[in-house]
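Down below is the structure, laid out as structure tokens.
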Amino acid sequence: MCGIVGYAGSAYAQDIILDGLKRLEYRGYDSAGMAVLDGDRLQVRKRAGKLARLVESLTGNSLPGSLGVGHTRWATHGEPNETNAHPHLSADGRIAVVHNGIVENASQLRHSLEAEGIVFRSGTDTEVLAHLIARHYAGNLPEAVARCMREAEGAMAICVVMQGQGGLMVGARRGSPLIVGLGDGEMFIASDVPTILSRTRRVIYLEEGDICTLRRDRCDILDAAGAPVERLVVEVTFDSAAAEKEGYPHFMLKEIHQQPSVVSHQILTYAGDRGGHISLPGLIPLYERMESLNRIVIVACGTAWHAGIVGKYLIERFARVPVEVEMASEFRYGDRVLDDRTLVLLITQSGETADTVEAMRMAKRSARCTLAIVNVEGSTIAREADAALFTHAGPEVGVASTKGYTSQLSALALFALDLAGKRNVLCEEELCVWLDRLRAIPDMMERCISRRDAVRNCARKPVYRDALHAMFIGRGFGYASALEGALKLKEISYIHVEGYAAGEMKHGPIALVTDALPVICIATRDAVHSKMLSNMQEIKARGGQIIGIVSDGDTAGAELCNDVFFVPECPAPFSPLLAAIPLQLFAYYVADALGRDVDQPRNLAKSVTVE
Ligand code: M6R
């Protein structure tokens, strides 16, 4: 989950690397560093903390040169201090390495290198790679990198520069993403495409095991077997300007506001503005197999896993296919029983989450059919799954997923309805009715956003803002919303929060209810509404502070609450799309009132590319 960028050209490498690191900071922000070669002089600068500290250290004291590598770190091995920041150097100081991933056999390799007399400077696994490359170097840097990659175990992407190589940079990937950007007289290596989009739109997605050797005017690639290979050059069409704040104080707030248009655009793309026809072209490779489908296993992490719970309820409700929802980190190490009629459905915003990637590969190895609901085109999962349904949410920068989540919900609704039609569970007229209900949702989301001031005023009340603990509860579709609301608040405010199925309260959690416990109840009108009202009565009777997410006009529900966020009334299967908005806004305003770093919360990174 670190970010890598490398440059070989004739411009000032430091500025290009800093620009790339700014765009990569979402992958980790514990420390940042770079190594730049000026002729044959290799200079390294690194700082603990955010990129701004590295920028500060370079102001008036810059690193000249037109070849270099940079890194932004999310610490795995070794604390996030300056010594452990990348790049790491070989013992003679001639080789500099930046790395994303984990060297799983680092401690064995370290012992064997120490036995040869190498003195380690850092506590990282990455330093092992620098010494290994030096150990294997016999006049050919790509060959030394290849041998190092064979010896080091685990998923990783690296970028290497070395003194005395005449403007050459080497990149290698296995299990972690790495792309090459082809410029005009300049070449780039990066962890993702937006990093280099301001300089070039021509990219190569390196494949598993590839080793690339870049000079300013040349790119050579060896495949996993060491044979020279030509990889497809892709012309990227998406826009990097979409990843700017555009006047909002935080990316998260901007991304919350984008949701109605993201969902509306997605529905228009896949279902048009009227009628009962859904067209999901990405699913065509699966159509034949989908006829015999009798089970779906949804696999995802974090917020995407919560979307998966909504997906289960949607698919079972509309298409009558049994669905299980698994966390990727459990699924991939389990021994699941999957047969030829099981579809493995992966949900992921980034398409790079390590556990979800490996779950997909595991399913593919046993010849199971895989479908990805994914946002980032060109990501590992988008490219490797048998079929992909894109959510078209645009770049999501805030670590807390917002539009990534709701665009997964609308894509799942479309998928479930499409499947229902294909399996003749719903006829075209019924599909038309349900699609019209879905088409009405973006306007309702807009109305929820327009009520943000009420959420902000509530979030600033000391009883909520200063709470040490909080609980989110709901039933049915509201249960998934409760889990997601809890994760949002917890990850950006650092308040200890639990999400629970409301029906479970009596089996233990109700013991926590006191007048110091805010309980956020998702109580929109649906088949289990009266049961939710009973839960709320029980909490109120014990003094709990209730915030209700309640349908417009529901006075009975509102009367049970200390504070209320009203949402428009809509069919239960689409209610998580509305409930998400006040829940996200509540988390945002609490965290902001507490002075938290909303877009880059501590210990987290946007893309979890390590296990
Ligand atoms: O990119 P993915 O959707 O695979 O990411 C999954 C989770 O890491 C992600 O949803 C995470 O839980 C977010 N920080 C939640 O806001």
Review point. What is the magnitude of the charge dipole of the chain about its Cα centre, with +1 placed on the Cβ of each Lys and Arg, -1 on the Cβ of each Asp and Glu, and no other charges, expressed in debye to the nearest 20?
Key: 620
Practice item. Relative to the longest principal axis of the C-alpha atoms of the chain, give the angle of the C-alpha long axis of helix 441-450, reported between 0 and 90° and rounded to the nearest 10°. Key: 90
Exercise for review: Could you pull out the pairs from LYS364/LYS488; LYS403/LYS461; LYS461/LYS490 whose alpha carbons sit more than 21 Å apart here?
Suggested key: LYS364/LYS488; LYS403/LYS461
Review point. Once phi is turned into ³J(HN,Hα) by the Karplus curve 6.51 cos²θ - 1.76 cosθ + 1.60 with θ = phi - 60°, what whole-Hz value does each residue of the range 272-280 show in order, with x for glycine and proline?
Key: x, 9, 7, x, x, 9, 10, 10, 10
Check your understanding: Relative contact order for the range 1-155 using alpha-carbon pairs under 8 Å, separation at least 6, rounded to a whole percent?
Key -> 23
Review point. Using Cα pairs under 8 angstrom and six or more residues apart, how large is the relative contact order of the range 245-439, in percent?
Key: 30
**Study point:** Cβ-based net charge around ARG199, under 12 Å, with every Lys or Arg adding one and every Asp or Glu removing one
**Key:** -1
Check your understanding: Just for the range 245-439, what percent of DSSP beta bridges are antiparallel, to the closest 5?
Key -> 0
Review point. Hey, what number do you get for the chain at 222 nm if only DSSP H runs of n ≥ 4 count, each worth -39500 (n - 2.57), divided across all residues, to the nearest 500?
Key: -11000 deg cm²/dmol
Practice item. Report the extension gain between SER530 and ASP335 in nm, rounded to one decimal, defined as 0.36 nm multiplied by the number of residues separating them, less their alpha carbon distance. Key: 66.2 nm
Practice item. Averaging sequence separations of C-alpha pairs under 8 Å and six or more residues apart, then dividing by the length of the chain, give the relative contact order as a whole percent. Key: 12
Point to revise | Net charge, LEU18 excluded, C-beta distance under 14 Å - Lys, Arg +1, Asp, Glu -1 | key: +4
Exercise for review: Taking the chain as the reference, fit the longest principal axis to its C-alpha atoms, fit the long axis of helix 302-319 to the helix C-alpha atoms, and give the angle between the two in degrees, 0 to 90, nearest 10.
Suggested key: 50
Review point. Pairing the Cα long axis of helix 141-151 with the longest principal axis of the chain, what angle in degrees results, from 0 to 90 and rounded to the nearest 10?
Key: 50
Exercise for review: Could you please state, rounded to a whole Å, how far the C-alpha centre of the range 293-351 is from the C-alpha centre of the range 273-290?
Suggested key: 19
Check your understanding: Tell me, SER112, SER350, SER481, SER530 in order of fewest to most beta-carbon neighbours within 10 Å?
Key -> SER530, SER112, SER350, SER481
Check your understanding: When we measure straight from the Cα of LYS46, which lysines land under 26 angstrom away, once same-chain ones fewer than 8 places off are left out?
Key -> LYS22, LYS606
**Study point:** Three semi-axes of the equivalent ellipsoid, the chain, Cα gyration tensor, whole Å, largest first
**Key:** 45, 28, 22
Point to revise | Percent of Cα pairs exceeding the 23 Å cut-off, where the set is the range 68-163 | key: 13
Point to revise | Per residue, the convex hull volume that the Cα atoms of the range 245-439 enclose (Å³) | key: 103
Point to revise | Net +/- balance of residues flanking ILE211 in space, Cβ distance below 13 Å, scoring K and R +1, D and E -1 | key: -1
Practice item. With unit charges on the beta carbon (Lys/Arg positive, Asp/Glu negative), name the residue among HIS469, ILE179, HIS257 whose Cα is farthest towards the positive pole of the charge dipole of the chain. Key: HIS469
**Study point:** Between the range 1-73 and the range 365-401, the alpha-carbon center distance in angstrom
**Key:** 29
Study note, to complete from the structure: If amide H atoms are modeled at 1.01 Å from N in the peptide plane, then the residues at a separation of 5 or more from GLY28, or on another chain, having amide H under 5 Å from its own are LYS606
Practice item. Pull out a ≥ b ≥ c, the square roots of the eigenvalues of the alpha-carbon gyration tensor of the range 3-243, then state rounded if a/c is under 1.5, prolate if not and a/b is larger than b/c, and oblate in the remaining case. Key: rounded
Study note, to complete from the structure: Expected vector for the range 327-344, Karplus 3J(HN,Hα) from phi with 6.51, -1.76, 1.60 and θ = phi - 60°, integer Hz, x for Gly and Pro, equals 6, 4, 5, 8, 4, 5, 9, x, 10, 6, 8, 10, 10, 5, 9, 9, 9, 9
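No value in this document is a laboratory result; all are computed from the given coordinates. Small disclaimer: the values here were computed from a predicted structure and weren't measured. Using ideal geometry, Cβ is built from the backbone for each residue, glycine included, and neighbour counts are taken over all protein chains shown.
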